[in-house]
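No value in this document is a laboratory result; all are computed from the given coordinates. It should be emphasised that the depicted structure is a prediction, and the values quoted were computed from it without experimental measurement. Reconstructed Cβ throughout: ideal geometry from the backbone, glycine too, with neighbour counts over all protein chains shown.
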Ligand code: HC3
């Protein structure tokens, strides 16, 4: 299973020492990484243990993935987990709406509750903005490659023995190409996440 996109995104979110990131099996997967922290107090890094579960997967309607992250190396790290719902749906003009809802779920008490909740939500906002930037890069370069291959083919001169190609109207060709690249682009990107 090729998970290269999610590996690239996770590394660019200021993380290192990534474990293998498997594909989903029975709608679930687990992986780990170490996150660099820039807080003035507390540790400079923490191991992150991630469990992701696909709660809903319908590309025509919406996709929802639940993510639970444990960070045992921070103070009170065994007393809370960060729970996030990552929700993708259709927006105007075939765009994708990405909504991420996060909360800190406590299993014990901590004097640092406020600092931990603030650090977790601020950190999550930073990670989501990198996720969006990376996805935009992936989508724009995937689109460019596909169009290049298509235009080379259609410009190729026919061999002397071949009949001349049927020339489609530019409008028809543009519609077909758009439909093909949208559905195959979405599935190929989803395959690598
Ligand atoms: C380490 C972190 C909580 C976990 C946050 C996670 C790993 C949650 C899952 C997201 O997908 C990615 C993400 C981004 C930021 C991570 C937070 C950054 C800081 C926070 C610590 C618990 C804060 C500790 C604060 C203090 C004062 C105790 O040092």
Between residue 117 and residue 97, how many nm apart are label points set 7 Å from Cα along the C-beta direction?
2.7 nm
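Please rank 8, 36, fewest neighbouring Cβ atoms within 10 Å first, as an exposure proxy.
In order of increasing Cβ crowding within 10 Å: 36, 8.
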Percentage relative contact order, segment 1-119, counting C-alpha pairs under 8 Å, at least six apart
15 percent
Does segment 80-139 come out rounded, prolate or oblate by the C-alpha gyration tensor, with a ≥ b ≥ c the root eigenvalues, rounded set by a/c under 1.5 and, if not, prolate when a/b is larger than b/c and oblate if not?
prolate
Starting from the 7 Å offset along Cα-to-Cβ, what nm value, one decimal, do you get for the label separation of residue 38 and residue 54?
3.4 nm
Ranked 16, 31, criterion: other C-beta atoms within 10 Å, fewest first:
16, 31
